[in-house]
Amino acid sequence: MDSFEIMTKSMLISRISDKISRSNGILSLMSDLSDATSIHNPDLVRLGGGNPAHLPEAERIFFDAMNEITKDPLRTASLLGDYSGPIGNKDIRSLTASYLSPLLGANLSAENVAFFNGSQNAFSYLLNAFSGTMQDGSFRQICLPIVPEYIGYADQTWEENVFLANIPKIESISQNRFRYRIDRKTCSFTNAGALLISRPTNPTGNVLSTDDLNFVYEKAREHDIPLLVDLAYGNPFPNLIGNADPVKYLPGMILSLSFSKVGLPGVRFGIIIAEPTTIELLSAFGATGNLSSSNLGTELARIFWEQNTLVSLSNNILRPYYESKCEEALAILDETFQQKQINYQIHAPDGGFFLWISFPDLKISNQELYLLCKERNVYIVSGHYFFPGLSSDFSHKRNCIRLTYSRDKKEIARGAEIIAEIVAKTCA
């Protein structure tokens, strides 16, 4: 029993407190990430979290931008000493709209833009804005046209049973590769208050095709509900979308962008692009929950937009790096797992920086596999967290894990060896 469980045994907490504190996947993930970062153990293998790689070429760009801010005393004084608006000040929102308009194929204004303390913060408002008990007494859900989906969505809603998950079709590519597809024949949108996808999809690296994206968008329009598209790993930055077409902003969409995966997770800066009515609603949430958005993110954004920094960084540094790391990690895993004669399948990664691995013969749950790996100083993420709202049986919920390939080659190789040893024993 952990300290939180002990505390809640002796005090009365709200229903919402109870909901978010039990089996919270994102809490487990971020706690592991913090613990792994704090522990100075040369044998520790950090394959669980979503921390981007520390790239010297990228960090020099960030340092230069920080220096430009801090060399101006008035700018620094405002950065540290002034509140911004709940969703950012209008001048930088207007500048952001002008910068993003050609990149997203739209004619945006300040009224289409809102800033938050990370896209996770924004989604905590968005998911609750369009789900749960509605004004007319009806109950609406967040529809996930395809799962698995991002671990951070599941525990953000204040009401129970908010997610509606749709099982994907599994397309076999080769003996050790597969891909998920939206099953259009069985996909349900009943009682949906919003549709939600990430592109690339976290955890699988799946970049939904333009046809699938159009299908989901048309369903959202048909049901007169918003389509939320999480672009944390997508276009225009860090643009880890392989050869896929970029997402363009269309009426009824809500796009989410972030500075985290370009290499600035500590800045906590997220951008929402939406229709003005949605932005106004989010402003009320922002004022209530945050008072104001972060000044550091907006000051960096001002420099990045003026110098066109992030698009160039993404296309010339980040994409080549992560594509190379992905190929390297796949080669290591294939060699190690095949040497151990393990039955495994990896979702063909199109983007992002994760690998999603299925072990069809696993005799234990993926959560038990996670705990056994952790005992050996290998941090992974159990796949069962990535299926919010799934009511039917699906084997991949029990036998899949997520790994990041943004770590050092030797670290990935050590982790692969230990994972293979444990899986081989449990499948024997």
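The values are calculated or read from the model by the stated rules, or taken from the named source; none is laboratory data. Every value quoted in this text rests on a predicted model; they were computed, and no experiment measured them. Neighbour counts run over all protein chains shown; Cβ positions are idealised from the backbone, glycine included. Only protein heavy atoms, including side chains, enter the accessible area calculation; ligands, DNA and RNA are left aside. Shrake-Rupley method; radii C 1.70, N 1.55, O 1.52, S 1.80 Å.
Results, tabulated for the structure shown:
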| read-out | value |
| --- | --- |
| Selection status of ALA106, touching a residue at least 12 places away in the same chain (Cβ under 8 Å) and assigned to a helix (DSSP H, G or I) | no |
| Among (1) among the hydroxyl-bearing types (Ser, Thr, Tyr); (2) more than 24 Å from the chain's Cα centre (by Cα); (3) modelled with pLDDT of 95 or more, the one test that SER358 misses | (2) |
| Members of the range 67-92 that are open to solvent by less than 70 Å² (accessible area, probe 1.4 Å), hydrophobic (A, V, I, L, M, F, W, C) and part of a helix (DSSP H, G or I) | ILE69, ALA77, LEU79, ILE92 |
| Residues that are closer than 25 Å to GLY152 by Cα and touching a strand residue (DSSP E or B) at 6+ places or on another chain (Cβ under 9 Å), drawn from the range 54-97 | PRO86, ILE87, GLY88 |
| Pick from the range 213-237, criterion in contact with a Pro (Cβ under 8 Å, 6 or more places away or on another chain) and open to solvent by less than 30 Å² (accessible area, probe 1.4 Å), ranking: farthest from GLY351 (Cα to Cα) | ALA220 |
| Within the range 324-337, considering residues that are over 16 Å from ARG402 (Cα atoms) and in contact (Cβ under 8 Å) with a residue 12 or more places away in the chain, the one surrounded by the most Cβ atoms within 10 Å (Cβ to Cβ) | THR336 |
| Flag for SER209 being farther than 22 Å from ARG398 by Cα, open to solvent by 20 Å² or more (accessible area, probe 1.4 Å) and touching a Cys at 6+ places or on another chain (Cβ under 8 Å) | no |
| Boolean, ARG140 is assigned to a strand (DSSP E or B) and of a type in the set (Lys, Arg) | yes |
| HIS54, sole failed condition from (1) within 21 Å of ASN290 (Cβ to Cβ); (2) not in a helix (DSSP H, G or I) | (1) |
| When residues of the range 160-182 are limited to those that are in a loop (DSSP other than H, G, I, E, B) and open to solvent by 30 Å² or more (accessible area, probe 1.4 Å), the one farthest from PHE123 (Cα to Cα) | GLN175 |
| Which numbered condition THR157 misses (of (1) open to solvent by 10 Å² or more (accessible area, probe 1.4 Å); (2) in contact (Cβ under 8 Å) with a residue 12 or more places away in the chain; (3) among the hydroxyl-bearing types (Ser, Thr, Tyr)) | (1) |
| Flag for SER312 being part of a helix (DSSP H, G or I) and either open to solvent by 60 Å² or more (accessible area, probe 1.4 Å) or touching a Phe, Trp or Tyr at 6+ places or on another chain (Cβ under 8 Å) (or both) | no |
| Some residue of the range 182-189 being at pLDDT 95 or above, touching a helix residue (DSSP H, G or I) at 6+ places or on another chain (Cβ under 7 Å) and more than 26 Å from SER17 (Cα to Cα) | yes |
| Close pairs from the range 395-413: first in contact (Cβ under 8 Å) with a residue 40 or more places away in the chain, partner in a strand (DSSP E or B) and surrounded by fewer than 20 Cβ atoms within 10 Å (Cβ to Cβ), Cβ under 9 Å, at least 6 apart | HIS396/ILE170 |
| Residue identified as in contact with a helix residue (DSSP H, G or I) (Cβ under 9 Å, 6 or more places away or on another chain) and either more than 20 Å from SER101 (Cα to Cα) or not charged (D, E, K, R) (or both) among ASN243, ASN239, ASN214 | ASN239 |
